[in-house]
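To start, the structure itself, in structure tokens.
Every number in this text was worked out from the coordinates using simple rules, so none of it is lab data. Quantities reported herein were computed from a predicted structural model and do not represent experimental measurements. In this analysis, Cβ positions are derived from the backbone assuming ideal geometry, glycine residues included, and neighbour counts consider all displayed protein chains.
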Amino acid sequence: MFTTGVHAYLYLTVACYIASFILYILRVRRAGAGLLITGVALQSLYLLGRGWLGDVFIPNPIFEGPFLLPWCLSLIPLVQAIKEPDSNWGPTLVLVIVFSILSALYAKGMIPPTPKKTAVWSFLFFMSESMAHALFYAGALYGFLSIIGKDQVNGFYSWIVWGFIAYTIAQVIGAVWCFVGWGNTFNWSARHLGSATIWTFYAGSLHLKFIPGWGKRSAAFALAGAVLVFIMSYSSYLREMSFLRVGG
Amino acid sequence: MIKRIWNILGDIKISFVLLMAASATLFTGSLYAGNHYSLFNELNRLRVQDWVADHITLQPEMVWWIPVLFIIMACLGANTFICACNRVAALIGPRKSGSGFHFFHLLTPSIIHFLFLVIILGHLMTFTLGRWQTTPLKQQSRVELGEKKQMLRVQSIRDIFFPENSAMRDRIFQTTATLINAEEKEIDLQFTKPAFIDGHYLFLDKIKERKKEKLETEPAENIQDDENCNKAYVYIEKERDKQEGELLLLIVFDPGLYVIIFGLTSIMGLMIWYFVAQKMTPKNGKEG
């Protein structure tokens, strides 16, 4: 595909997002929304092109976390901007920019997948996990804004709830994938233990709403949860940078 | 007095503390497992009580968190049960007039919590009652399966490689092992496509010979763990007729499997339904 291995598309995507954000701040929101849409389109093409890194179509690199997460994040301001171009879609764009820059710095090749990792369950798992992470980060951002008084007090809560639902979906799909691939619904490995860490943390955080006097502190837990998600996921991605890769 | 203890044990503050304690223990465990992949990988093929009994006296500093995790989850299970029962009693007792839809919507979080208990029990069944057995798989070899000692013969093993003109050449895309049972019925096994026979699931697995020898000669806890979850090297075979990797048959008996899948799927569906339906129900300040 024409975007395969052409990382200029990724760098152009980042440039579009930055320019979009600048226009948003300058209150030229419709033009900013247009650049945002362009950025998402370019990022989508770049992601799709990753499927041919091995000279044969293999979906795995498309669903690699450092590249999929910014795309999932970009859907949030995209939907907000399309529904209402003059609305406040800018804050989440900051997240998109940050994580897109991280992906631009990440190793571009493909880790050769084993037969167990080319099952369709793996793609469904990574998609739902990345979407959950995106929602958790958005929840943390709105939690931060509520702490500094720039957003409604519990405006972040629904982001965390939907992130938790998406994450639970990921756990269900992940359990099926783990079983059909490895014979266990739960694997005693850093990856699975990390996933369970995140799930129990957010399960606890969601209960804060029902503890008198703790509702306001739940914004801090939303922030802490995002830090936990970042540490668990990016420590794993950093380790994977040293794995043998092809293409890119 | 009993009622007071019951209410304290079912307090939602206890739920929060236990969930955070579980999260912290799992986080700690992930650090240990990340640095000792081979050691904790054993736990995927053994019942947890057998593995802990072997290792708790030899490496207590590495395995202590596993019994702690089980204790926390047991407490969380009790707390969840009590809390959910209290809530159901509060909803059913003085039930106000209202639609059945609204009542079921209010009841849904409690059902979700009971399903959480189902999932925990399913995992407990797997960890304590499951059985995992691996056996080498070679052409024309025979495998005995289950209590009925059903005999399976390996008729053929075929590897499919990625295209020769691609960067993925010499790497296995998929393997098909064809087994024949006593009734001469063919059973095909592939990676991620297990077969179910006589209460057991059969999977294909693969290991490189040199790693297998290493694991056989050294205890897992002594292996300097450069081992990790990336098994790409296992599926490279430069010489098709003299393969380095060894194909294995993994035979699994997992009594908790369907309990877990039922619980997870039901929880997922109910959560989605609850929050979508929440937009349709009038806010009365008593939800949740």
Which of the GluC sites (Glu not before Pro) found in the stretch B:83-171 are in a DSSP loop and have at most 16 neighbouring Cβ atoms, other than their own, within 10 Å? B:Glu147, B:Glu164
Given springs between every Cα pair under 10 Å in a Gaussian network model of chain A, which of A:Phe210, A:Phe57, A:Phe21 has the largest fluctuation? A:Phe210
For a footprinting-style exposure proxy, rank A:Phe99, A:Phe63 by other Cβ within 10 Å, fewest first. A:Phe63, A:Phe99
Work out the charge dipole of the protein assembly as shown with +1 on the Cβ of Lys and Arg and -1 on the Cβ of Asp and Glu about the Cα centre, then indicate which of B:Thr135, A:Val246, B:Leu31 is farthest towards its positive end. B:Leu31
Which three extents, in whole angstrom, do the alpha-carbon atoms of the protein assembly as shown cover along their principal axes, largest first? 69, 68, 45
I want to make sure I understand the PRE zone here: with the label point 7 angstrom from the Cα of A:Lys209 toward its beta carbon, which residues in the stretch A:44-83 have backbone N atoms less than 16 Å away? none
FRET efficiency estimate (nearest 0.05) - Cβ-Cβ, A:Met241 to A:Leu45, R0 22 angstrom: 0.40
Considering the zone a paramagnetic label at B:Glu144 would reach in this model (a point 7 Å from Cα along the Cα-to-Cβ line), which residues of the stretch B:180-208 have amide N under 19 Å from it? B:180-183, B:197-202
Based only on other Cβ atoms within 10 Å, what is the fewest-to-most ordering of A:Ser236, B:Ser99? B:Ser99, A:Ser236
Once every DSSP H run of n ≥ 4 in chain A is given -39500 (n - 2.57) and the sum is divided by its residues, what mean residue ellipticity at 222 nm do you get, rounded to the nearest 500 deg cm²/dmol? -23500 deg cm²/dmol
Averaged over residues of B:55-64, the number of beta carbons from other chains lying within 10 Å of each residue's Cβ is 0
Sorted by mean Cβ packing within 10 Å, highest first, what order do the peptides B:127-135, B:15-23 take? B:15-23, B:127-135
Please rank A:Ile37, B:Ile260, A:Ile25, fewest neighbouring Cβ atoms within 10 Å first, as an exposure proxy. A:Ile25, A:Ile37, B:Ile260
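Is there a quick way to get the dipole size of chain B? I mean about its Cα centre, with the Cβ of Lys and Arg at +1 and of Asp and Glu at -1; what is the value in debye to the nearest 20? Intermediate values should be presented prior to the final figure.
Details: 32 positive and 31 negative charges, 323 e Å.
Dipole of chain B, to the nearest 20 debye: 1560 debye.
Could you give me D for the stretch A:9-73, from Stokes-Einstein at 4 °C and 1.567 mPa s, where the hydrodynamic radius is the Kirkwood radius over C-alpha pairs? Units µm² s⁻¹, please.
The estimated diffusion coefficient comes to 104 µm²/s.
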Distance from the Cα centre of the stretch A:53-75 to that of the stretch A:158-230, in angstrom? 22
Chain A: longest segment with zero exposed trypsin sites (Lys or Arg not before Pro), where exposed means DSSP loop plus at most 16 other C-beta atoms within 10 Å, is residues A:28-149
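Let me confirm one metric for peptide A:166-175, namely the mean number of other chain beta-carbon atoms within 10 Å of its residues' beta-carbons.
On the way: counts 2, 0, 5, 7, 1, 4, 10, 2, 1, 8.
Counting other chains' Cβ atoms within 10 Å and averaging over A:166-175 gives 4.
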Please state the charge dipole magnitude for the protein assembly as shown, taken about the Cα centre, from unit charges on C-beta atoms (+1 on K and R, -1 on D and E), reported in debye and rounded to the nearest 20. 1840
Average other protein chain Cβ within 10 Å of Cβ, residues B:189-196: 4
One quarter of the convex hull surface, Cα atoms only: what value does that give for the stretch A:25-123 in nm²? 6.9
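Mind running the shape call on chain A? Use the C-alpha gyration tensor, a ≥ b ≥ c as the square roots of the eigenvalues: rounded below 1.5 for a/c, prolate if a/b tops b/c, oblate otherwise.
Since a/c reaches 1.5 but b/c is at least a/b, the shape of chain A is classed as oblate.
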Counting only helical runs of four or more DSSP H residues, what would the 222 nm mean residue ellipticity of chain B come to if each run contributes -39,500 (n - 2.57) and the total is spread over all its residues? -16000 deg cm²/dmol
